[in-house]
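First comes the structure, then the notes that go with it.
Please treat every number below as a calculation from the coordinates, not as lab data. Predicted model, so just to flag it, every value in this text is computed and none were measured. Neighbour counts run over all protein chains shown; Cβ positions are idealised from the backbone, glycine included.
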Amino acid sequence: MIHFILQLKERNETLFYYGLVCLFFAAFCLVLTKLTITNVYGVNAWYKPFKFAFSTFLYAWAMAWYCHYLPKFNLEIFNWAIIILLGFEIVYIALQASKGQESHYNTSTPLYATLFSMMAIAASLVTLYTAYVAVLFFSDKFPELTDYYLWAIRLSMIIFVIFSFQGFLMGSRLSHTVGLVNDNSDLYIVGWSKTVGDLRIAHFIGMHALQVLPLLAYYVFKDLKLTIMISVLYGLLAVFTLVQALQGKSLFR
């Protein structure tokens, strides 16, 4: 683990430290869930900035690692685009949590509606940038990478992009659940609904393919056919949870 951290810092120092900042802020938000009683949609308000900060930490470190392989890729522009766009989301979500107000789906005032739209734009730009990186992984040659590891990176990015854009399903409905409006449960941290369909589950599974599939391919599968098969099954799992959520069915009933 120490070797990985040192190598990651060498590969992309900017995103390495940005990821650390997000990780420490996520830990701070998790502590606040035990110290405050402010709720949004029936759960502690600080769980949401925790989840976004921790997810950004995972994304920043994963992309810092992968983009190192790309020849002639402008890391500086990519780094600052990620820092500014995702940083804006985290700051706004945390600010709203501190006030006990919604960040997503909040169109109660023209200002909040504009900021909600700006978050959607920021997330879309990050997703499009990731899609561009995926295209580079398909178009360039990487003789130093094993075929199964390379394809795990490629497929993980495809799944990430698809299920990142799936977030528009929630935005268009102004709700992350189907059957009730923004239903949550006491399911630890994630808060996914135990009673109705929850669109966040597919969103979560799909976006974290970016970390799961390359790690499994590199350390466990070590085989191209197995990597592709598991990647397809992983994508189908995300599709299944999406279809189930759209039918208003909870994954936990």
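Looking at the chain, do any whole DSSP H helices span at least 20 angstrom along their long axis by alpha carbon and average 0.5 or above on Kyte-Doolittle, and which?
Numbers: long enough: 13-35 (33 Å, 1.70); 47-67 (30 Å, 0.48); 75-98 (33 Å, 1.67); 110-139 (43 Å, 1.64); 147-165 (27 Å, 1.52); 224-246 (33 Å, 1.97).
Sorted by number, the helices that extend far enough and score high enough are 13-35, 75-98, 110-139, 147-165, 224-246.
Give me the three principal axis extents of the chain from the C-alpha atoms, as integers in angstrom, largest value leading.
52, 36, 33
Could you pull out the pairs from LYS9/LYS72; LYS9/LYS99; LYS225/LYS249; LYS141/LYS222; LYS48/LYS249 whose alpha carbons sit more than 26 Å apart here?
Numbers: LYS9/LYS72 19 Å; LYS9/LYS99 36 Å; LYS225/LYS249 33 Å; LYS141/LYS222 19 Å; LYS48/LYS249 23 Å.
Exceeds cut-off: LYS9/LYS99; LYS225/LYS249.
Over the Cα atoms of the range 16-80, what Rg and Dmax result, in angstrom?
Rg and Dmax of the range 16-80, Cα atoms, are 15.2, 49 Å.
At what distance in nm do the modelled label points of ASN39 and MET118 sit from each other, each positioned 7 Å from its Cα along Cα→Cβ?
For ASN39 paired with MET118, the spin-label model returns 3.0 nm.
Return the Rg/Rh ratio of the range 88-196 with Cα-based radii and a Kirkwood Rh.
In the range 88-196, Rg relative to Rh is 1.08.
Which of CYS67, ILE189, LEU145 sits closest to the plus end of the dipole of the chain, meaning its Cα is farthest towards the positive end, when Lys and Arg get +1 and Asp and Glu get -1 on the C-beta?
Value: ILE189.
Which log10 I(q)/I(0) values does the range 136-177 give at q = 0.29, 0.32 Å⁻¹ under the Debye formula, counting every alpha carbon as one identical point scatterer?
Calculated log10 I(q)/I(0) at the listed q: -0.96, -1.05.
Return, ordered by residue number, the residues of the range 61-80 whose backbone nitrogen is under 13 Å from a label point located 7 Å along Cα→Cβ of VAL21.
Output list for this probe position: 79-80.
Please find the FRET efficiency linking VAL220 to TYR188, where r is the Cβ-Cβ separation and R0 is fixed at 30 Å, and quote it to the nearest 0.05.
Working: r = 26 Å, r/R0 = 0.87.
FRET efficiency, VAL220 to TYR188: 0.70.
Per residue, how much space in cubic angstrom lies within the convex hull of the C-alpha atoms of the range 150-226?
Details: hull volume 7.7 nm³, N = 77.
Convex hull of Cα atoms, per residue: 100 Å³.
If you average the alpha carbon positions of the range 1-79 and of the range 139-186, how far apart do those two centres end up, in angstrom?
17
Given R₀ = 41 Å, FRET efficiency for THR146-VAL91 by Cβ-Cβ distance, to 0.05? List each step's numbers first, then the result.
Details: r = 39 Å, r/R0 = 0.96.
Computed FRET efficiency for THR146 and VAL91 comes out at 0.55.
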